[in-house]
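J.: Just dropping this structure here.
The values are calculated or read from the model by the stated rules, or taken from the named source; none is laboratory data. Not measured: the values here are computed from a predicted model. Neighbour counts are summed over all protein chains in view; Cβ atoms, including those assigned to glycine, are modelled from backbone coordinates with ideal geometry. For the accessible areas, the whole protein counts, side chains as well, though only heavy atoms, and no ligand, DNA or RNA atoms are used. Shrake-Rupley method; radii C 1.70, N 1.55, O 1.52, S 1.80 Å.
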Amino acid sequence: MLRVEKILKIEPYRIVCLFNNGIEKAINVLPLLENHKHLNGIEQLKEPTIFARAKVGDFGEIVWESIIRNSKTNERWDYDISPEFIFYQKS
């Protein structure tokens, strides 16, 4: 099972990760932000200080905690990127 073990570098819209198999991969997050612009709060990740809060989640994913807001219930949700997506995406 693929897992991000460690975030090695965070740059504007780009994260470099080390996986549990020893392979390093980078992901450009900007296309995801554009594809998910319908999510209330996603635009916050365009702010460098908020983007830099990325961390490795319990399942080896990259996660930003409580970034998405449900407009009907006002609940806050995490936004995450699965390790499989990061690993197999074309750069």
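J.: Does segment 39-91 come out rounded, prolate or oblate by the C-alpha gyration tensor, with a ≥ b ≥ c the root eigenvalues, rounded set by a/c under 1.5 and, if not, prolate when a/b is larger than b/c and oblate if not? Spell out each step's value before the answer.
T.: On the way: a/c = 1.93, a/b = 1.61, b/c = 1.20.
It comes out prolate by the Cα gyration axes.
J.: Which residue, GLY41, GLY22, GLY60, tops the fluctuation ranking in a GNM of the chain built on C-alpha contacts under 10 Å?
T.: Checking each option, the largest mean-square fluctuation is seen for GLY22.
J.: On the protein heavy atoms, probe 1.4 angstrom, tell me the percent of accessible surface of the chain carried by carbon and sulfur. Don't jump to the answer; show the numbers that get you there.
T.: Numbers: 2940 of 5880 Å².
Here carbon and sulfur together make up 50 percent of the probe-accessible area.
J.: What label, among [x] 59, 25, 18; [y] 42, 24, 22; [z] 50, 18, 15, belongs to Cα extents along the principal axes in Å computed from the structure on display?
T.: [y]
J.: Within the set of other residues whose C-beta is less than 15 Å from the C-beta of TYR88, count the net charge using Lys and Arg as +1 and Asp and Glu as -1.
T.: So the environment of TYR88 carries a net charge of 0.
J.: Looking at the chain as a GNM with Cα springs under 10 Å, which of GLU47, GLU75, GLU65 has the largest mean-square fluctuation?
T.: Highest fluctuation of the listed residues: GLU75.
J.: Another question, if that's okay. How large is the accessible surface per residue of the chain, computed with a 1.4 Å probe and reported in Å² as a whole number?
T.: Values: 5880 Å² over 91 residues.
Result: 65 Å² per residue.
J.: Oh, and also: Keeping all protein chains in place and using 1.4 angstrom, which order do TYR13, TYR79 fall into by accessible surface area, from largest down? Could the numbers behind the result be given before it?
T.: Working: TYR13 65, TYR79 15 Å².
Largest accessible area first, the residues go TYR13, TYR79.
J.: Still on this structure: Restricting to lysine pairs 8 or more places apart or on different chains, what number in segment 17-81 have Cα atoms under 23 Å apart? Each step should come with its number before you reach the end.
T.: Values: LYS25/LYS46; LYS25/LYS55; LYS37/LYS46; LYS37/LYS55; LYS37/LYS72; LYS46/LYS55.
Final tally of qualifying lysine pairs is 6.
J.: Can you tell me the length gained on complete extension of the stretch TYR88 to GLU65, counting 0.36 nm per residue apart and subtracting the Cα distance? Provide the component values of the computation, followed by the final result.
T.: Working: separation 23, 0.36 × 23 = 8.28 nm, distance 2.36 nm.
Once the chain is fully extended between TYR88 and GLU65, it gains 5.9 nm.
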